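Contents: one structure, followed by commentary.
The values are calculated or read from the model by the stated rules, or taken from the named source; none is laboratory data. These numbers come from a predicted model, not from an experiment. No Cβ is skipped: glycine too gets one built from the backbone with ideal geometry, and neighbour counts run over all protein chains shown. SASA here: full protein model, heavy atoms, side chains in, ligands and nucleic acids out. Shrake-Rupley method; radii C 1.70, N 1.55, O 1.52, S 1.80 Å.
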Amino acid sequence: MSTNAEQMKAGSNREWNWHPDLPVAVTPLFSWPPRPIATLRWFLTNWLPVTEFSIYALMAWAIWAWVLPDLESMQSLEWGWILWIWAINFFLMAFVAQGLHVWLYGWKRQGEEFKYDRRGMANNNRIFLFNSQYWDNVTYTLGSGITVLTFYSTIIWMAYANGWAPMISFSDNPVWFILLFPLLPVIQSFHFYWLHRGLHIPWMYKHVHSVHHRSVSIAPWSGLSMHPIEHIGYLGLLLIFLVLPSHPVHFLFLSYWISLATATSHAGFGNLVLGDKAHLRIGSFHHQLHHRYFECNYGNPEMPWDNWFGSYHDGSPETTEAVRARKKQMHS
């Protein structure tokens with residue numbers, strides 16, 4: 001890691017309108033020698049007091065308690081409850097993605113503050129459906145993404161309802177019940193890294209993953225804008241609940257983390273400004289670097305796979321040059 005990167009504080013430079021403190025932070029969970037205090041601090045920072053993790057966990061509790069039908073009604077395939085699940089997924093995705101889009105790009109309530117890329121969304125570009133990045137992203141997200149999400153959700157709800165999936169409660173195993181919340185993003189990071197590496201194999205990239213990478217200057221609707229085949233692989237992680245002892249709230253939490261959180265991670269802004277001093281950390285600069293330079297940061301900060309396998313971009317000029325050289329070699 002370069003000395004320059006260690007000294008780079010949050011601000012703007014030639015490459016970025018705004019960047020966080022560099023190098024990009026990843027979890028110290030797998031550091032050697034172990035760093036238990038740093039690991040505890042990292043998880044507390046990502047869960048307390050109000051963060052995306054905690055918001056999606058609370059949302060999962062609320063949906064489970066007040067919105068979803070009883071498990072008994074989901075024991076057999078019936079259009080009524082399946083369409084209700086689809087409507088919940090559709091509404092939540094539209095609410096989060098469009099809410100962020102209007103706040104950041106429509107009303108521009110915080111201007112360029114904490115915006116990573118100086119560029120805006122693409123318009124009048126034939127590479128996108130309807131020649132519009134916005135409508136292209138919305139169509140793939142709601143048309144394909146929510147459909148695939150509902151398909152997997154139907155499988156898991158039927159499995160819970162019929163006893164095909166191992167279901168626990170807080171009273172049965174309180175320690176595992178609580179620990180599973182911070183562990184699920186780590187599991188998701190493992191899945192995402194290896195799936196993503198596969199999607200960057202030239203044939204897969206050309207025919208599948210390039211749909212997602214059309215959005216170079218990303219925005220909230222860009223996150224779940226993918227080719228249907230990519231949706232099948234990406235959202236397929238939810239099938240883990242067929243074998244993982246869990247509660248439906250854990251399933252909802254992970255489903256929101258891999259769907260709704262794509263809107264925040266691709267928001268294009270590092271923080272959501274809610275008042276004079278009230279900020280909610282949203283966008284992932286780690287992933288923003290991937291959309292800018294492509295052949296780097298295939299995973300996310302929850303696990304240091306990129307560090308271990310030589311694809312890590314820490315945001316420094318030195319790693320930018322190294323990634324560009326690797327990309328040129330890969331595509332030559």
Can you find a residue in the stretch 217-227 that is part of a helix (DSSP H, G or I), at pLDDT 95 or above and either open to solvent by 10 Å² or more (accessible area, probe 1.4 Å) or in contact with a Phe, Trp or Tyr (Cβ under 7 Å, 6 or more places away or on another chain) (or both)? yes
Does the stretch 202-216 include one or more residues that are in a loop (DSSP other than H, G, I, E, B), open to solvent by 10 Å² or more (accessible area, probe 1.4 Å) and touching a residue at least 60 places away in the same chain (Cβ under 8 Å)? yes
Can you tell me which condition PRO174 does not meet? The list is (1) more than 26 Å from ILE82 (Cβ to Cβ); (2) at pLDDT 95 or above; (3) within 16 Å of the chain's Cα centre (by Cα); (4) not charged (D, E, K, R), and all the others hold. (3)
The conditions are (1) more than 17 Å from GLN188 (Cβ to Cβ); (2) touching a residue at least 60 places away in the same chain (Cβ under 8 Å), and LYS327 fails exactly one of them. Which is it? (2)
Checklist (1) at pLDDT below 95; (2) open to solvent by 30 Å² or more (accessible area, probe 1.4 Å); (3) out of contact with any Ser or Thr (no Cβ under 7 Å at 6 or more places or on another chain) applied to TRP18, failing item: (3)
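So if I check each of HIS191, HIS196, which one is without any contact (Cβ under 8 Å) to a residue 60 or more places away in the chain, under 14 Å from the mean Cα position of the chain (by Cα) and closer than 22 Å to GLU52 by Cβ? Walk me through how you get there before you give the answer.
On the way: HIS196 fails: without any contact (Cβ under 8 Å) to a residue 60 or more places away in the chain.
Step by step, each of HIS191, HIS196 is checked, and only HIS191 is without any contact (Cβ under 8 Å) to a residue 60 or more places away in the chain, under 14 Å from the mean Cα position of the chain (by Cα) and closer than 22 Å to GLU52 by Cβ.
Residues checked against (1) of a type outside the set (Gly, Ala, Ser); (2) over 20 Å from ARG214 (Cβ atoms); (3) open to solvent by less than 10 Å² (accessible area, probe 1.4 Å); (4) assigned to a helix (DSSP H, G or I):
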site	(1), (2), (3), (4)
LYS108	yes, yes, no, no
MET121	yes, no, no, no
THR141	yes, no, yes, yes
VAL148	yes, no, no, yes
TRP157	yes, yes, yes, yes
PHE170	yes, yes, no, no
TRP176	yes, yes, no, yes
LEU179	yes, yes, no, yes
ILE187	yes, yes, no, yes
Identify the residue in the stretch 45-60 that is in a helix (DSSP H, G or I) and more than 18 Å from MET303 (Cβ to Cβ) and, among all such residues, is modelled with the lowest pLDDT. SER54
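Is it fair to say TRP42 is aromatic (Phe, Trp, Tyr) and either modelled with pLDDT of 85 or more or assigned to a loop (DSSP other than H, G, I, E, B) (or both)?
Details: aromatic (Phe, Trp, Tyr): yes; either modelled with pLDDT of 85 or more or assigned to a loop (DSSP other than H, G, I, E, B) (or both): no.
No; evaluated as a whole, the condition is false for this residue.
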So in the stretch 300-327, with the set limited to residues that are among the hydrophobic types (A, V, I, L, M, F, W, C), part of a helix (DSSP H, G or I) and under 23 Å from the mean Cα position of the chain (by Cα), which one is modelled with the lowest pLDDT? VAL323
Is there any pair linking a residue in the stretch 117-132 that is modelled with pLDDT of 90 or more to one that is exposed (fewer than 12 other Cβ atoms within 10 Å of the Cβ) and assigned to a loop (DSSP other than H, G, I, E, B), with Cβ under 6 Å and at least six apart or on different chains, and which? ASN131/ASN124
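Looking at LEU237, LEU199, LEU274, which is the one that is closer than 30 Å to ALA65 by Cα, open to solvent by less than 30 Å² (accessible area, probe 1.4 Å) and among the aliphatic types (A, V, I, L, M)? Reasoning before the result, please.
Working: LEU199 fails: closer than 30 Å to ALA65 by Cα; LEU274 fails: open to solvent by less than 30 Å² (accessible area, probe 1.4 Å).
The unique qualifying residue is LEU237.
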Give the stretch 63-82 a look and list any residue that's hydrophobic (A, V, I, L, M, F, W, C), surrounded by fewer than 12 Cβ atoms within 10 Å (Cβ to Cβ) and part of a helix (DSSP H, G or I), or say none. ALA65, TRP66, TRP79
On the basis of being open to solvent by 30 Å² or more (accessible area, probe 1.4 Å) and under 25 Å from the mean Cα position of the chain (by Cα), does TYR134 make the cut? yes
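Tell me whether the stretch 85-98 contains one or more residues that are touching a residue at least 40 places away in the same chain (Cβ under 8 Å) and in a loop (DSSP other than H, G, I, E, B). Working first, answer last.
Filtering the stretch 85-98 for residues touching a residue at least 40 places away in the same chain (Cβ under 8 Å) gives 85-86, 89-90, 92-94, 96-98.
Filter once more, keeping what is in a loop (DSSP other than H, G, I, E, B): none.
No, the stretch 85-98 contains no residue that is touching a residue at least 40 places away in the same chain (Cβ under 8 Å) and in a loop (DSSP other than H, G, I, E, B).
What residue, of TRP308, TRP257, is open to solvent by 20 Å² or more (accessible area, probe 1.4 Å), among the aromatic types (Phe, Trp, Tyr) and under 19 Å from ASN137 (Cα atoms)?
TRP257
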